[in-house]
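Readers should treat all values here as calculations from the given coordinates under stated rules, not as data from a laboratory. It should be emphasised that the depicted structure is a prediction, and the values quoted were computed from it without experimental measurement. Virtual Cβ from ideal backbone geometry, glycine too; neighbours counted across all protein chains shown.
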Amino acid sequence: MTTSTAPGKIYLFGEHAVVYGEPAVPCAIDLRARVHATQRDDDRVRLSASDLSLDGFTIEYDGDQNARPDIDVPENLVSAAVGYVNGAIHQARDLAGGSDTGLELTIESDIPLGAGLGSSAAVTVAAIDAVARELGATPDAETVAERAFQVEAAVQDGEASRADTFCSAMGGAVRVEGTDCRRLGEPDLPFVLGYDGGAGDTGQLVAGVRQLRETYDFADTTIGVIGDLVERGERALDDGDLDEIGRLMNFNHGLLVALGVSSRTLDDMVWAARDAGALGAKLTGAGGRGCIVALAEAADVATALEHTPVCERAFEASLTPDGLQQE
Ligand code: PMV
């Protein structure tokens, strides 16, 4: 058996604008997805996921890209999970020279699904690595990142940036601008996350911003302003200036509100975190529903979020330098 793990991420700055070529800075956090891969004697694929919000999810199919298992969980969750895992298997088999050996895959994940924390990227990165190694290949993290991006782009109909997959594979804080992906470092950043228990529809939210941008010049300008803000954010990260990072996170959230991707639940959590003393707070990822990230050491911020009615769960997380790893 081969086991690989990869982290989730938050966006410190730059989601949505990154889709239009502006820079973004995601940071890996210490919530991880773990994939165990074992070769089988036949050519079938069996996939089990114990804690992906798909309780007791186990399917067996013939490894066909179009396979649709017959199980009783929402079709969209199954399609998405099977799409990412099928894509990962396809990429890993290719890295291993075209093997078609059957596989047993088990996925465990601490990362809530569809909540802006990069769960699909973490599972895809870990799955490509675990399967490729189980089949005898030894890809480096950059190669896995690029293959994982190809999978995300295919599953998300081309509406994906390299941010999630590169960040998950490399760990730390990274900068992504188009195809230019770089690791920035490992600043010590304490985060508190608030989760409203929901999931945003990334495709729909990205399409909404696209439409706004086509309708209003100033929406396009807003996207450019997010890019300028990211450049400032990078300097603040370099200087370790947490106050400035917090201010820029607040500014970034305001611009995302203007682009229509926040919601009452996310805004309530952002304000609860700020009122409790967070240096800054913003939504993370596509928006709609899901998570906010606050820059805060204070346990008060987690407590304030726990007492916010729309917040289902609050938890502390910190930036992790550890990207893709084998166990
Ligand atoms: O919600 P997530 O973690 O899938 O992040 C989406 C971020 C977007 O910038 C909106 C899209 C992308 O692929 O970069």
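Given H placed 1.01 Å from N in the peptide plane, which residues other than close sequence neighbours of ARG289 have an amide H under 5 Å from its amide H?
GLY200, ASP201
Using Cβ counts within 10 Å as a stand-in for footprinting exposure, how do ILE107, ILE223 rank, fewest first? Mind dumping the intermediate values first?
Numbers: ILE107 25, ILE223 22.
Final ranking by Cβ density, sparse to dense: ILE223, ILE107.
With θ taken as phi - 60° and the coefficients 6.51, -1.76 and 1.60, list the Karplus ³J(HN,Hα) couplings across segment 18-27 in order, rounded to whole Hz; mark glycine and proline as x.
Using θ = phi - 60°, the values come out as 4, 5, 9, x, 7, x, 9, 10, x, 10 Hz.
Evaluated at 37 °C with a viscosity of 0.692 mPa s, what Stokes-Einstein diffusion coefficient in µm²/s does segment 158-272 have when Rh comes from the Kirkwood expression over alpha-carbon pairs?
Numbers: Rh = 15.9 Å.
Answer, rounded: 207 µm²/s.
With the calculation restricted to Cα positions, what are the radius of gyration and Dmax of segment 119-191 in angstrom?
Computed over the Cα atoms of segment 119-191, radius of gyration and Dmax are 12.6, 38 Å.
With θ taken as phi - 60° and the coefficients 6.51, -1.76 and 1.60, list the Karplus ³J(HN,Hα) couplings across segment 264-272 in order, rounded to whole Hz; mark glycine and proline as x.
After applying 6.51 cos²θ - 1.76 cosθ + 1.60, I find 4, 5, 5, 5, 4, 5, 4, 5, 4 Hz.
Return one number: the angle in degrees, 0 to 90 and rounded to the nearest 10, between the long axis of the Cα atoms of helix 141-155 and the longest principal axis of the Cα atoms of the chain.
90 degrees
Over the chain, what is the mean sequence separation of C-alpha contacts under 8 Å (at least six apart), divided by residue count, expressed as relative contact order in percent? Each step should come with its number before you reach the end.
Details: 793 pairs, mean separation 82.1, N = 327.
Worked out over the chain, it gives 25 percent.
Give the Cα extents of segment 89-211 along the principal axes, in whole Å, largest first.
That works out to 41, 33, 29 Å along the principal axes.
Please give, to one decimal in nm, the separation of the simple spin-label points placed at TRP271 and THR38, each 7 Å out from Cα toward the Cβ.
Placing both labels 7 Å beyond Cα along the Cβ direction yields 5.2 nm.
Sum -39500 (n - 2.57) across every DSSP H segment of at least 4 residues in the chain, then divide by the residue count to get the 222 nm mean residue ellipticity, nearest 500. Each step should come with its number before you reach the end.
Values: 9 runs with 134 residues, N = 327.
Result for the chain, helices only: -13500 deg cm²/dmol.
I need the Debye-formula profile for segment 227-316: one equal scatterer per C-alpha, no solvent, reported as log10 I(q)/I(0) at q = 0.24 1/Å, two decimals.
Here the Debye-derived log intensity ratios amount to -1.19.
If every alpha-carbon in the chain counts as one equal scatterer, what log10 I(q)/I(0) does Debye give at q = 0.11, 0.16 1/Å?
Each listed q corresponds, in turn, to -0.65, -1.29.
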